[in-house]
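A quick write-up on the structure given underneath.
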Amino acid sequence: MFRLQGSKTLAVDLTGDAVKAKNGSMVAYEGQMSFKKMTGGGDGLRGMVTRRLTGESMAVMQVTGQGTCYFADRASEINLVSLHGDKLYVEASNLLCTDAGLRTGTTFTGLRGGATGNGLFTTTVEGTGQAAIMSDGSAVVLRVSAQYPLFVDPGAYIAHQGNLQQHFQSGVNFRTLMGEGSGESFQIRFEGEGLVYVQPSERNTIGGDV
């Protein structure tokens, strides 16, 4: 069972089962635990080859045991996501922990992925179980409906789930209008039905200031 200890530490209660977590994110544990580094972001040899080709790198460890294990990473805020046979799309650097039964992989995202400077691919988490994702500051979960598309700064995007289509397009933001931008800005347009996770902070992107 995943639960939060405050907003920056994830507690996972294990009863002989396992979870996959970001390598080096364990900060404490109670009981008996074993730790094993996994290849290919937890996807085995094929996953390792795929991630090297796509540039979507993710170092993962498997934690098995009886007791409670605590995870955190650079004081990032943590958000819990429940999956019920659906798929979560998440930047690899923002994925902290998943149930061991959830399948992880990579998928082509088109030009949106290129906005982060990490290639044209992103990590997927699929199945039934829990996942914990991280954000720089408290994340905002925004609902997208067929009537109301959502526009997101690529540097602030964390993850999304649901039946969503995304398009990478040029746009204008406040800093561009004020003359403080370094050039053309870019946005991600989400259409359909689903949820988008956005952080109140921006990564550097190939589009410059966005």
(request) Count the net charge of all other residues whose Cβ sits under 13 Å from the Cβ of Met33, scoring Lys and Arg as +1 and Asp and Glu as -1. (result) -2
(request) Mind giving me the FRET efficiency for Met33 and Arg189? R0 is 25 Å, r the Cβ-Cβ distance, nearest 0.05 is fine. (result) 0.05
(message) For a quick check: with amide H placed at 1.01 Å from N, whose amide H comes under 5 Å from Leu14's, ignoring anything fewer than 5 positions away on the same chain?
(response) Gly67, Thr68, Cys69
(message) Less than 21 Å apart at the alpha-carbon level, and either on another chain or at least 8 residues along: which lysines does that give for Lys37?
(response) Lys20, Lys22
(request) Could I have the simple spin-label model distance between Asn163 and Arg74, label points 7 Å from Cα toward Cβ, reported in nm to one decimal? (result) 3.7
(message) For a quick check: with amide H placed at 1.01 Å from N, whose amide H comes under 5 Å from Leu95's, ignoring anything fewer than 5 positions away on the same chain?
(response) Met134
(message) Taking the Cα of His84, stepping 7 Å toward and past its beta carbon, and measuring to each backbone N in the stretch 1-21: which are under 18 Å?
(response) 2
(request) Note down the nm distance, to one decimal, between modelled labels 7 Å out along Cα→Cβ at Arg143 and at Arg103. (result) 3.0
(message) Going by amide H atoms built from the backbone, whose H comes under 5 Å of the H on Ala156, apart from near neighbours?
(response) Arg203
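Coordinate-derived values only; no laboratory data. For clarity, every value in this text was computed on a predicted model and none was experimentally measured. Quick reminder, even Gly has a Cβ in these numbers, built from the backbone with ideal geometry, and neighbours come from all protein chains shown.
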